[in-house]
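Working notes, structure below.
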Amino acid sequence: MTIAEVRAEEDGLLRPPVRGVSPVLEVPFADNGDLDVPGFRRVVRYVLGTGVGSVMFPGFASEFHKLGEWERQLLTGILLEETATRPEVSAIIAVQDHATRLAVRRAVDVVAAGADLINLLPPHFLAPSRRSIVAHVKAVLAAVAPTPVVLQYAPTETGTSLDGATLSEIARDHPNLALVKVESSPPGALIEELAAADPPLPAVEGYAGVQLPDAFRRGAVGTQPGCSFTELYVELWRRFSEDDEAGGMELYRRLLPYISYWMLDTELIVAAEKLISVRRGLFASAHCREPGHRLDAEEIRMVDRFLAEFADLLPPLG
């Protein structure tokens, strides 16, 4: 149990609804860019088969900004269909609409469709004021209460600037603000501040786990990476959560050269993870919709070195 969970239990609060590894699902496409629906269903079943307690869709790792509305609805429906009979797994459905009206409508609709939690990315186009961002977040929280909401704080991708005091104030007014996904770099100070706030606000870290050890030590209750090598993150989290610091750091040090390079650019890690999934036999094409990153020859060799190094944890899936 992490620091935030211990504090929450001491204060008589419910344990966070998201714990451990909570992958963001990728979306496979055919070579011509068409949606690979059977491939997506295989992605969902593969991730659920790794023993995780929750999954999130769609996020940056899903190329959500390159999906049509009908594609997004179709894939969300597939995910909720797969999780409906698995009470041990929570489906976190993301809301990224910029207009508050649309964000509220989408959040209400996906909760009605079976979402267990909402992941809310605050509006960021054209630099909205902090006041309008807070109003947007509160409107969605109020609309879906008591459904838990994860607030995604990704300043590198969005430029949004929020602080611990603002997040704590929102949580006091809206108890269904259940977690914050902290993707600032480094995330540790904010995670620790939120865990010590009144009320305590648990956090998960993202950013491919580049700062996972520090985030864990500071009270993060989970990690939310991509999904192509979920087993590796499950093992990494297991080691840290079972107080195997030496084993966790050994695995982390091996992983870090890869994820630190891939996370230099979001489109780069999306492309790398898709090639990993293809190499493992999960789906047929590593196509990313344009504009995107095209892996060069050395980056492809890097993916193959990664799979060779971690072959014991990442068996073929095809």
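The values are calculated or read from the model by the stated rules, or taken from the named source; none is laboratory data. Nothing here was measured: the structure is a model prediction, and the numbers come from that model. When we count neighbours, we look across all protein chains shown, and the Cβ atoms used for this are built from the backbone with ideal geometry, even at glycine. The protein model used for the area step is the full one, side chains on, heavy atoms only, and it has no ligands, DNA or RNA in it. Shrake-Rupley method; radii C 1.70, N 1.55, O 1.52, S 1.80 Å.
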Between D214 and L317, the two model label points (7 Å from Cα along the beta-carbon direction) sit apart by a distance in nm of 3.0 nm
Once Cα extents along the principal axes in Å is worked out from the coordinates, which option in (1) 56, 47, 39; (2) 53, 47, 35; (3) 50, 47, 39 does it equal? (3)
Residue among S277, V210, A142 farthest towards the positive dipole end of the chain, charges placed on Cβ: A142
Can you tell me which aspartates and glutamates have their Cα less than 17 Å from the Cα of K66? Leave out same-chain residues fewer than eight positions away. E26, D31, D34, D36, D97, E157, D265, E267, E273, E290
Ranking request for peptides 227-239, 211-223, 169-181, 29-41: highest mean number of other beta-carbon atoms within 10 Å first, then the rest in descending order. 211-223, 227-239, 169-181, 29-41
Segment L102-A196, extension gain: residue separation times 0.36 nm, minus the distance between their alpha carbons: 30.5 nm
Calc'd 3J(HN,Hα), region 300-317, phi into Karplus 6.51 cos²θ - 1.76 cosθ + 1.60 (θ = phi - 60°), Hz, glycine/Pro = x, comes to 5, 5, 5, 4, 5, 5, 4, 5, 5, 5, 10, 4, 5, 9, 10, x, x, 10
Just to be sure I understand: of the beta bridges DSSP finds with both ends in the chain, what percent are antiparallel, rounded to 5? 5 percent
Between Y261 and D109, the FRET efficiency computed from the C-beta separation at R0 = 35 Å comes out, to the nearest 0.05, as 0.35
In percent, how large is the relative contact order of region 45-176, given Cα pairs closer than 8 Å and 6 or more residues apart? 21 percent
N119's amide H: which non-local residues (gap 5+, or another chain) put their own amide H closer than 5 Å, with H modeled 1.01 Å from N in plane and none for Pro or chain starts? I93, A94, V95, V150
What percent does the relative contact order of the chain come to when contacts are Cα pairs within less than 8 Å and at least six residues apart? 20 percent
For a Förster distance of 41 Å, can you work out the FRET efficiency between the beta-carbons of A30 and L126, rounded to the nearest 0.05? 0.75
Sorted by chain and then number, the residues having a modelled amide H within less than 5 Å of the amide H of S54, at least 5 places away or on another chain, are S90
In nm, what is the difference between 0.36 nm times the number of residues separating R301 and W70 and their Cα-Cα distance? 79.6 nm
So, with +1 on the Cβ of K and R and -1 on the Cβ of D and E, and no other charges, what is the size of the charge dipole of the chain about its Cα centre, to the nearest 20 debye? 580 debye
Expected sort for 272-280, 242-250, 201-209, 46-54 on mean C-beta neighbours within 10 Å, highest first, is 201-209, 272-280, 46-54, 242-250
Roughly how many percent of the accessible protein surface of region 93-132 is carbon and sulfur, given a 1.4 Å probe and a whole-percent answer? 59 percent
Below 8 Å, C-alpha to C-alpha, sequence gap of six or more: please give me the relative contact order for region 177-222 in percent. 43 percent
For the pair K138/M249, report the inter-label distance in nm, with labels modelled 7 Å from Cα in the Cβ direction. 4.5 nm
Write down the accessible area per residue of the chain in Å², having rolled a 1.4 Å probe over the full set of protein chains. 41 Å²
